[in-house]
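So the structure is just underneath, and the comments pick up after that.
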Amino acid sequence: MFTGIVETVGVVAKCDASSLFIKADKILDGTRIGDSIAVNGVCLTVTRLTGGGFWADVMPETFSRSNLGSLIPGALVNLERAMAADGRFGGHIVSGHIDGRGKITRIQRDGNAVRLWICADKAILRLIVEKGSITVDGISLTVVSVSDADFSISIIPHTLGETTLGSRQVGDSVNLENDIIAKYVERLLGGSAAQRLQSERDEKILTWLGEG
């Protein structure tokens, strides 16, 4: 489990169709083979420690669902080690299993902060609420606004300086993970409101046909 509080920014040194080698001295303190590290919000397992960095295997499914597939040598990535049992819970519950990608459509200065608008699939947007939590490239952020097409977040100078968001541009792809509590609530309630409404309609039609 992670909290969405990025510890450091690493640099992709090597990448191929099945693995990544990321240089990041700070993140290696106490790290062992088999440990989990969130890379741009994606939970990866450390397979080798060498040369001031770590190797991690990446499945084709992970490459296709995340922006890890577009990484090239020299690319910067957000890194966070799994939360220790006695660690501070600074963000929110983050699993490291992203739900999909979004695209930055607008960037605007907002006082001392920067506001970003991100478009995403409706399946992701329906679980986002204003003032709720969202994970963007592994960063725990608070939602400022949400619509049927996109949502926005406001980023303070510290976060801009300590993560990759400070260098993001319009058109960039970002990894998104919905609040896990929202996902469990939806599952327990039997899916989205639209799905439940359709199910109720189907039941009424079957009942009518049976009576006929």
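Numbers for the structure displayed
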quantity	calculated
Carbon/sulfur fraction of accessible area - the chain, other protein chains in place, 1.4 Å, %	53 percent
Backbone HN-Hα couplings from phi across region 101-116 [Karplus 6.51/-1.76/1.60, Hz, Gly and Pro as x]	10, x, 10, 6, 10, 7, 10, 9, 5, 9, x, 8, 10, 10, 9, 10
Accessible solvent surface per residue of the chain, calculated while the other protein chains remain in place, 1.4 angstrom probe, Å²	55 Å²
Nearest 10 degrees, 0 to 90: helix 193-211 Cα axis against the chain principal axis	30 degrees
Among (i) -0.32, -0.47, -0.74, -1.29; (ii) -0.29, -0.44, -0.74, -1.31; (iii) -0.28, -0.44, -0.76, -1.44, the entry derived from the coordinates for log10 I(q)/I(0) by the Debye sum over Cα atoms at q = 0.08, 0.10, 0.13, 0.18 Å⁻¹	(i)
Computed helical MRE - 222 nm, the chain, DSSP H runs ≥ 4 contributing -39500 (n - 2.57), nearest 500	-6000 deg cm²/dmol
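The values are calculated or read from the model by the stated rules, or taken from the named source; none is laboratory data. Model, not experiment: these values are computed from the prediction. Please note that ligands, DNA and RNA were not included when accessible areas were found on the heavy atoms of the full protein model with its side chains. Shrake-Rupley method; radii C 1.70, N 1.55, O 1.52, S 1.80 Å.
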